[in-house]
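Asker: Below are the C-alpha cells for one structure; questions will follow.
The values are calculated or read from the model by the stated rules, or taken from the named source; none is laboratory data. Not measured: the values here are computed from a predicted model. Here the Cβ is made from the backbone with ideal geometry for all residues, glycine too, and neighbour counts use every protein chain on show. Each accessible area value is taken on the protein alone, full model and side chains, heavy atoms only, with ligands, DNA and RNA left out. Shrake-Rupley method; radii C 1.70, N 1.55, O 1.52, S 1.80 Å.
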Amino acid sequence: PGLSYTWIFNNNTLDLQEDSRRFVSQATGNLYLAKVEPWDVGNYTCAVSSAQAQRRVWGPPTALTLRGDGVMGEYEPKIEVRFPETTYAAKGSSVRLECFALGK
C-alpha cells in the first residue's frame with residue numbers, strides 16, 4: 001500500500017494514458033507490452049515511489065531487444081516487479097526493491 005509504479009523508456013517517462021499497447025499494474029508494478037514493435041526496443045527502468053516515505057527509487061535499466069527469427073521461447077517476454085506484501089525497515093535504514101525481466 002502506498003507504492004506507485006512508473007516505467008521510464010530510454011530516459012523518458014512512459015505516458016501510458018494514450019498508449020493502449022502498454023499497461024502498468026499499480027497492484028504489482030508489472031509492465032505489460034502487447035504487440036511489440038521495433039520502436040519498443042530500448043531500455044526500460046522501473047521507478048517506485050512512496051508518498052508516505054517521500055521517496056522514489058529506480059531499478060537498473062533492462063534492455064528490450066527483438067529476435068530476428070520471430071521464434072519465442074517458453075515464456076512471453078514481460079518486465080515485472082515482485083515485492084513482498086509487506087516490507088519492514090527500521091527508520092533510517094535502506095530498503096532495496098528490485099525490478100527484473102523474464103522471457104526469451
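Asker: Taking the Cβ-Cβ separation of Lys91 and Leu66 as r and a Förster radius of 41 Å, what is the calculated FRET efficiency to the nearest 0.05?
Answerer: Efficiency, rounded to the nearest 0.05: 0.35.
Asker: Modelled label-to-label distance, Gln26 and Ser4, 7 Å Cα→beta-carbon offset: nm?
Answerer: Result: 0.9 nm between the two label points.
Asker: Between Glu37 and Leu14, how many nm apart are label points set 7 Å from Cα along the C-beta direction?
Answerer: That separation, rounded to one decimal, is 1.5 nm.
Asker: Order Val48, Val41, most accessible first, counting only protein heavy atoms with a 1.4 angstrom probe.
Answerer: Val41, Val48
Asker: Provide the net charge surrounding Glu37, with neighbours chosen by a C-beta distance below 14 Å and charges set as Lys +1, Arg +1, Asp -1, Glu -1.
Answerer: Net charge in that neighbourhood comes out at +2.
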